[in-house]
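Student: Here you go, one structure.
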Amino acid sequence: MKSQFGRRAFTHMELYSLFNGYIYGDEKLKREQPKHWHFWLPLLAYYTGAYSDELGNLTLNDIKKVDSIHTFDFHTHGKIQSRQVPIHSALWEAGLERYIQLVKESGHDRLLFDLPSKSGRYSEKVRIWFSGEGERLGYLQKCGLPNIDQQGLKTAISSLRLNFEQQIYISAIQLGKRPAMSYLLGLKEDGAAVEKLDLEILSRVIKPVRVVNNHISWQRFVERH
């Protein structure tokens, strides 16, 4: 898949660096102020292809179970269409169920309850934390990765959407379900919204998304020292 707006997907080695960085390790950085969304947002972006604002707006009511398949129900606006995205097994293995229980017990409604908004949007806070700003280093730089490569192409949190797109494109084509990719990304085809496909098919399209780190654990994140 081509890069969009001068932005590209992460390489496999870059994904390895991101998902083996200090957030997913055993030790905090000095003066780090960890938030739950620091752990979950990159994972959710990679396994759902959703934008930061979409993820920031997710509520517990947007987590649905239909015919034994759990989904995130994204209600969006503008050019991106509403859609139901099956939850990848790697998110459950990372501790999503226990985290959801924490959110409920804490009396919060939003899944990423500690991600603050700015002027009603979440993407700006995410951008600064992930990519940095001015002399302030972001998670990207702290993992030893540049914002711009030698070809002048940028990487950012939305690059994870491109990684998701690359992988579901292949699986959708192999299954003979090309419209599934557009649906899962919230895109139109020929100017019209793509009708929702069977959740079992959508799950099969998402299942091959590669697990970068089998040892990622929210409990481990909480217990870092």
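What follows draws every value from the coordinates through simple rules; no lab data is involved. Keep in mind it's a predicted model, so treat the numbers as computed, not measured. As a convention, Cβ positions derive from the backbone with ideal geometry for all residues, glycine included, and neighbour counts pool all protein chains shown.
Student: At 0.36 nm per residue, minus the direct Cα-Cα distance, what do Asn213 and Thr11 gain on full extension? Give it in nm, one decimal, please.
Tutor: Roughly 71.3 nm would be gained on extension.
Student: Once a ≥ b ≥ c are taken as the square roots of the eigenvalues of the Cα gyration tensor of segment 132-180, is the result rounded (a/c under 1.5), prolate (a/b larger than b/c) or oblate (a/b not larger than b/c)?
Tutor: Because a/c hits 1.5 or more and a/b exceeds b/c, segment 132-180 counts as prolate.
Student: Could you work out how far apart the two model spin labels at Leu197 and Gln166 are, taking each label as a point 7 Å from the Cα in the direction of the beta carbon, and quote it in nm?
Tutor: Using points 7 Å along Cα→Cβ, the separation is 2.1 nm.
Student: What distance in nm separates the two pseudo spin-label positions at Arg127 and Arg98, each 7 Å out from Cα along the beta-carbon direction?
Tutor: Once both label points are built, they end up 3.5 nm from each other.
Student: Which value in nm describes the separation of the simple spin-label points at Lys79 and Glu189, placed 7 Å from the Cα toward the beta carbon?
Tutor: Simple spin-label model gives 1.9 nm for this pair.
Student: Can I ask one more? Between their Cα atoms, which of Lys64/Lys142; Lys30/Lys65; Lys154/Lys188; Lys35/Lys207; Lys104/Lys207; Lys79/Lys125 are more than 30 Å away from each other?
Tutor: Lys64/Lys142; Lys30/Lys65
Student: First select every other residue whose beta carbon is under 14 angstrom from the beta carbon of Pro208; then total the charges, Lys and Arg +1, Asp and Glu -1.
Tutor: Once positives and negatives cancel, what remains is +3.
Student: Hey, another quick one. Is there a quick way to get the dipole size of the chain? I mean about its Cα centre, with the Cβ of Lys and Arg at +1 and of Asp and Glu at -1; what is the value in debye to the nearest 20?
Tutor: 380
Student: While we're here: Can you grab the distance from the C-alpha centre of segment 87-104 to the C-alpha centre of segment 37-78, Å, no decimals?
Tutor: Centre-to-centre distance over Cα atoms comes out at 12 Å.
Student: Would you calculate, for the chain, the mean residue ellipticity at 222 nm contributed by helices, counting each DSSP H stretch of 4 or more residues as -39,500 (n - 2.57) and dividing by all residues, to the nearest 500?
Tutor: Taken over the chain, the calculation gives -11000 deg cm²/dmol.
Student: With a cut-off of 8 Å between alpha carbons and a minimum separation of six or more residues, what is the relative contact order of the chain in percent?
Tutor: 32
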